[in-house]
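Visitor: Handing you this structure, nothing more for now.
The values are calculated or read from the model by the stated rules, or taken from the named source; none is laboratory data. As the structure is a prediction and not an experimental result, all values here were calculated from the model. A quick note on method: Cβ atoms are made from the backbone with ideal geometry, for glycine too, and the neighbour counts reach across all protein chains shown.
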Ligand SMILES: NC(=O)c1ccc[n+]([C@@H]2O[C@H](COP(=O)([O-])OP(=O)(O)OC[C@H]3O[C@@H](n4cnc5c(N)ncnc54)[C@H](O)[C@@H]3O)[C@@H](O)[C@H]2O)c1
């Protein structure tokens, strides 16, 4: 197989995050710390996972980062926007994910990541009061201001390339409207201050106009919108969404494929969470929770295929709840009560109590998405990057078929995409392979 022509990862890669809260500050701190201490960035597939090449007996199994031409951690520079946090150090201290002993060695570098004033509108995040907000009130002017920020950041930091990963709050629920139908209607909507245009969409538009790949870590509609897909495709820019796959949904997409693999039936899956960080506070508003709920509910249907297996999965009650509970901070607790059935219909139960740390699970995803989106851009990819569905709770499809939700199929897809780009055969797990 011949490999793709991929431009080398030369020079600095700027990683821009709208939202400098728990996830973004934990991501930046982890990269700075890995750089300073040499301790590997745990949980990052791009940095720590190996990829088998050729048949099993060939013994070729390099690290992904040594196989694909990814940007080096040493070449990353960070920037972001936030209506509340002043800089990444303040954000990290406020959210309380990392201990002071981990923050102090990198404190000055974190403090140097100063938040730019945000395009923010409380209509979309009713629980937050933005103070560091751009003065422009017209949405077209706001987009232009973001474009100016991006170009200024590029110049100031001498960046060769940029990527943008949305790490901002979950916005209020919405469905696509006429203004989102095409780039032309969206641009008109920006000029007209159309109320259906949310801030996250203005960031995505600005990024794509600056030829910056954009990935969406929240369940907001942003990257699903036809106008964004059109813009990314016509400008040849990679796009990926949506919603980082961490915590409870990560567990769900590991366990559900296993139940299905053994033809065990499912009667119900009740998921509830308590969390006390700013994300939890935002999601406490019903209109914001609905956005998250839609993203979380979709996964089981695609994995279990009730149309194909009506006897096993035709009657599943799937419920997801999130409760804001301040004492728990970023250390979320997610309970799953799962009602399954087996031979002759006999019922059984599985209980999961995942005492996880949301941002600890999300930070390596931000790193991998940044590095892989940059790789995709250098490989000439444009539009929806379905091979990155591995990282996302409600992945977008690049074609007519719904995207895969099964974590293990997603992992195969990711690795086979890298193999193909690098001129290696896909691993099929057949007799010879
Ligand atoms: N942590 C996880 O495991 C996880 C998983 C999936 C998705 N997410 C999503 O990632 C996002 C970030 O999560 P977090 O825990 O860091 O939340 P957070 O509340 O700590 O940080 C979000 C930040 O975004 C800022 N913000 C809000 N509107 C903005 C705007 N218009 N422009 C710029 N900044 C804006 C807020 O001020 C806040 O500081 C959330 O949408 C969350 O739902 C997180």
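Visitor: Kindly indicate the residue of segment 91-107 that is more than 12 Å from residue 25 (Cα to Cα) and touching a residue at least 12 places away in the same chain (Cβ under 8 Å) and also surrounded by the most Cβ atoms within 10 Å (Cβ to Cβ) among those meeting that condition.
Guide: Within segment 91-107, the subset more than 12 Å from residue 25 (Cα to Cα) is 99-102, 104-105.
Right, trim to touching a residue at least 12 places away in the same chain (Cβ under 8 Å) and you get 102, 105.
Details: 102: 15, 105: 12.
Checked segment 91-107; the qualifying residue surrounded by the most Cβ atoms within 10 Å (Cβ to Cβ) is 102.
Visitor: Still on this model: Can you name every residue in segment 230-272 that is over 25 Å from residue 21 (Cα atoms), in the same structural domain as residue 374 (by TED's automatic domain parsing) and crowded, with 20+ Cβ neighbours inside 10 Å?
Guide: If the condition is that a residue be over 25 Å from residue 21 (Cα atoms), in the same structural domain as residue 374 (by TED's automatic domain parsing) and crowded, with 20+ Cβ neighbours inside 10 Å, then 231, 232, 237 are the ones that fit.
Visitor: Among the residues of segment 120-145, what is the count of those that are in contact with a strand residue (DSSP E or B) (Cβ under 8 Å, 6 or more places away or on another chain) and either touching a residue at least 24 places away in the same chain (Cβ under 8 Å) or within 23 Å of residue 174 (Cα to Cα) (or both)? First the steps, then the outcome.
Guide: Residues of segment 120-145 in contact with a strand residue (DSSP E or B) (Cβ under 8 Å, 6 or more places away or on another chain): 120, 130, 132-134.
In the following step, the residues that additionally are either touching a residue at least 24 places away in the same chain (Cβ under 8 Å) or within 23 Å of residue 174 (Cα to Cα) (or both) were identified as 120, 130, 132-133.
So the answer is 4.
Visitor: Could you grab me the full set of residues in segment 1-43 that are over 23 Å from residue 107 (Cβ atoms), touching a helix residue (DSSP H, G or I) at 6+ places or on another chain (Cβ under 8 Å) and at pLDDT below 95?
Guide: 1, 3, 4
Visitor: Working carefully through the options 220, 216, 196, find the one that is within 16 Å of the ligand (Cβ to nearest atom) and either without any contact (Cβ under 8 Å) to a residue 12 or more places away in the chain or over 30 Å from residue 95 (Cα atoms) (or both).
Guide: That would be 196, the only listed residue that is within 16 Å of the ligand (Cβ to nearest atom) and either without any contact (Cβ under 8 Å) to a residue 12 or more places away in the chain or over 30 Å from residue 95 (Cα atoms) (or both).
Visitor: Residue 159 fails exactly one of the following numbered conditions: (1) over 24 Å from residue 193 (Cα atoms); (2) surrounded by fewer than 16 Cβ atoms within 10 Å (Cβ to Cβ). What is the number of that condition?
Guide: (2)
Visitor: Right, another one. For segment 324-362, what are the residues that are closer than 16 Å to residue 283 by Cα, exposed (fewer than 15 other Cβ atoms within 10 Å of the Cβ) and touching a strand residue (DSSP E or B) at 6+ places or on another chain (Cβ under 8 Å)?
Guide: none
Visitor: Turning to a different aspect of this structure: Just checking, how many residues over segment 197-215 are part of a loop (DSSP other than H, G, I, E, B) and either within 13 Å of residue 227 (Cβ to Cβ) or under 15 Å from the mean Cα position of the chain (by Cα) (or both)?
Guide: Applying the first criterion (part of a loop (DSSP other than H, G, I, E, B)) to segment 197-215 yields 197-198, 210-213.
Adding the requirement that they be either within 13 Å of residue 227 (Cβ to Cβ) or under 15 Å from the mean Cα position of the chain (by Cα) (or both) leaves 197-198, 213.
Residues in segment 197-215 being part of a loop (DSSP other than H, G, I, E, B) and either within 13 Å of residue 227 (Cβ to Cβ) or under 15 Å from the mean Cα position of the chain (by Cα) (or both): 3 in total.
Visitor: Next up: Among the residues of segment 120-135, which ones are out of contact with any helix residue (DSSP H, G or I) (no Cβ under 8 Å at 6 or more places or on another chain) and part of a loop (DSSP other than H, G, I, E, B)? Show your work before the answer.
Guide: Residues of segment 120-135 out of contact with any helix residue (DSSP H, G or I) (no Cβ under 8 Å at 6 or more places or on another chain): 122-123, 129-133, 135.
Within segment 120-135, 122, 123, 129, 130, 131, 132, 135 qualify.
Visitor: Need the failing condition index for residue 226 against (1) touching a strand residue (DSSP E or B) at 6+ places or on another chain (Cβ under 9 Å); (2) surrounded by fewer than 17 Cβ atoms within 10 Å (Cβ to Cβ); (3) within 28 Å of residue 161 (Cα to Cα), just the number.
Guide: (1)
Visitor: Would you check if residue 384 is buried (at least 21 other Cβ atoms within 10 Å of the Cβ) and either farther than 20 Å from residue 43 by Cβ or modelled with pLDDT under 95 (or both)?
Guide: Values: buried (at least 21 other Cβ atoms within 10 Å of the Cβ): yes; either farther than 20 Å from residue 43 by Cβ or modelled with pLDDT under 95 (or both): yes.
In short, yes.
Visitor: Would you kindly identify the helices (runs of 4 or more DSSP H) lying entirely within segment 5-104 that contain at least 2 residues that are within 16 Å of the ligand (Cβ to nearest atom)? Walk me through it before giving the result.
Guide: Numbers: elements: 22-37, 45-48, 64-67, 88-95, 100-103.
So the answer is 22-37, 88-95.
Visitor: Can I ask one more? If residue 340 meets every condition in (1) out of contact with any helix residue (DSSP H, G or I) (no Cβ under 8 Å at 6 or more places or on another chain); (2) assigned by TED's automatic domain parsing to the domain that holds residue 300 apart from one, which number is that one?
Guide: So residue 340 meets the others, but not (1).
Visitor: Please tell me if residue 399 is surrounded by fewer than 21 Cβ atoms within 10 Å (Cβ to Cβ), out of contact with any helix residue (DSSP H, G or I) (no Cβ under 9 Å at 6 or more places or on another chain) and over 14 Å from residue 242 (Cβ atoms).
Guide: On the way: surrounded by fewer than 21 Cβ atoms within 10 Å (Cβ to Cβ): yes; out of contact with any helix residue (DSSP H, G or I) (no Cβ under 9 Å at 6 or more places or on another chain): no; over 14 Å from residue 242 (Cβ atoms): yes.
Here the answer is no, as residue 399 does not meet what is asked.
Visitor: Can you pull out every residue in segment 234-250 that is within 12 Å of the ligand (Cβ to nearest atom) and part of a helix (DSSP H, G or I)? Walk me through it before giving the result.
Guide: First pass over segment 234-250, keeping only residues within 12 Å of the ligand (Cβ to nearest atom): 241-250.
Residues satisfying the conditions are 247, 248, 249, 250.
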